[in-house]
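Presented below is the structure to which this report refers.
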């Protein structure tokens, strides 16, 4: 299963989303394989939960410069998760921009049989945002499960 979602969530929304992610993972039968780009926020929370449950993590690296485009305080966790990945998938793109992020998400969707989406239901704020990933997964026939607290705002 893969993950996509909004970054920069406030503390209350983060707490609820973490609960939703945990519940979604606890419902799964059999061995867990999680697919994530391991950005700060839901991507990393999901990856940590997969590993904490003894599952296998596959990481998609959207661009060679991707890590550097993430907040510096996230780098240690990013590195730890990347080092624990059973498989790492690269897009072959160097520059970390919206096109690279969408390409990474397309790889993720292609590997997943279900995508969990931490999504407020609104249009993407830029190309490659969560709404675009959800739409892509739906076009590809990959089921999407939306995890968003009722009434929450980004």
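The values are calculated or read from the model by the stated rules, or taken from the named source; none is laboratory data. The structure presented is a predicted model; accordingly, all values stated were derived computationally and were not measured. Quick reminder, even Gly has a Cβ in these numbers, built from the backbone with ideal geometry, and neighbours come from all protein chains shown.
Summed over region 113-128, residues that are in contact (Cβ under 8 Å) with a residue 40 or more places away in the chain, in a loop (DSSP other than H, G, I, E, B) and within 13 Å of the chain's Cα centre (by Cα) total 2. Evaluate the following for residue 92: is it surrounded by fewer than 18 Cβ atoms within 10 Å (Cβ to Cβ), under 25 Å from residue 142 (Cα atoms) and without any contact (Cβ under 8 Å) to a residue 40 or more places away in the chain? For residue 92, the condition - surrounded by fewer than 18 Cβ atoms within 10 Å (Cβ to Cβ), under 25 Å from residue 142 (Cα atoms) and without any contact (Cβ under 8 Å) to a residue 40 or more places away in the chain - is met.
Here residue 30 passes the criteria (1) buried (at least 18 other Cβ atoms within 10 Å of the Cβ); (2) within 19 Å of residue 86 (Cβ to Cβ) except the one numbered (1).
Just to be sure before I move on: is residue 151 surrounded by fewer than 13 Cβ atoms within 10 Å (Cβ to Cβ), touching a strand residue (DSSP E or B) at 6+ places or on another chain (Cβ under 9 Å) and in a loop (DSSP other than H, G, I, E, B) in the structure I sent?
Details: surrounded by fewer than 13 Cβ atoms within 10 Å (Cβ to Cβ): yes; touching a strand residue (DSSP E or B) at 6+ places or on another chain (Cβ under 9 Å): no; in a loop (DSSP other than H, G, I, E, B): yes.
Judged against the criteria, residue 151 is not a match.
Suppose the filter is over 14 Å from residue 1 (Cβ atoms), assigned to a helix (DSSP H, G or I) and either at pLDDT 95 or above or under 12 Å from the mean Cα position of the chain (by Cα) (or both); does residue 89 pass it? Don't jump to the end; show me each part of the working.
Numbers: over 14 Å from residue 1 (Cβ atoms): yes; assigned to a helix (DSSP H, G or I): no; either at pLDDT 95 or above or under 12 Å from the mean Cα position of the chain (by Cα) (or both): yes.
Spelling it out, it is not the case that residue 89 is over 14 Å from residue 1 (Cβ atoms), assigned to a helix (DSSP H, G or I) and either at pLDDT 95 or above or under 12 Å from the mean Cα position of the chain (by Cα) (or both).
The sole residue among 74, 6 that is over 12 Å from the mean Cα position of the chain (by Cα), under 22 Å from residue 129 (Cβ atoms), surrounded by 15 or more Cβ atoms within 10 Å (Cβ to Cβ) and modelled with pLDDT of 95 or more is 74.
Considering only residues of region 33-45 that are surrounded by fewer than 23 Cβ atoms within 10 Å (Cβ to Cβ) and more than 21 Å from residue 68 (Cβ to Cβ), which is farthest from the chain's Cα centre (by Cα)? So that I can check it myself, show each step before the final result.
Of region 33-45, the ones surrounded by fewer than 23 Cβ atoms within 10 Å (Cβ to Cβ) are 33, 40-41, 44-45.
Cutting the leftovers down to more than 21 Å from residue 68 (Cβ to Cβ) gives us 33, 45.
Working: 33: 13, 45: 9 Å.
My answer is 33.
Out of the residues in region 127-142 meeting the condition of being surrounded by fewer than 19 Cβ atoms within 10 Å (Cβ to Cβ) and out of contact with any strand residue (DSSP E or B) (no Cβ under 7 Å at 6 or more places or on another chain), tell me which one is modelled with the lowest pLDDT. Among them, the one singled out is 127. I'd like to check something: does region 34-49 contain any residue that is touching a helix residue (DSSP H, G or I) at 6+ places or on another chain (Cβ under 7 Å), farther than 23 Å from residue 93 by Cα and assigned to a loop (DSSP other than H, G, I, E, B)? No, because not a single residue in region 34-49 is touching a helix residue (DSSP H, G or I) at 6+ places or on another chain (Cβ under 7 Å), farther than 23 Å from residue 93 by Cα and assigned to a loop (DSSP other than H, G, I, E, B).
Would you confirm whether any residue within region 46-69 is without any contact (Cβ under 8 Å) to a residue 40 or more places away in the chain, over 22 Å from residue 118 (Cα atoms), buried (at least 16 other Cβ atoms within 10 Å of the Cβ) and more than 16 Å from the chain's Cα centre (by Cα)? It would help to see each step written out before you state the result.
Of region 46-69, the ones without any contact (Cβ under 8 Å) to a residue 40 or more places away in the chain are 48-57, 59, 64-69.
Next cut, over 22 Å from residue 118 (Cα atoms) only: 54, 64-65, 68.
Next, from what is left, pick out any that are buried (at least 16 other Cβ atoms within 10 Å of the Cβ): none.
No, region 46-69 has no match at all.
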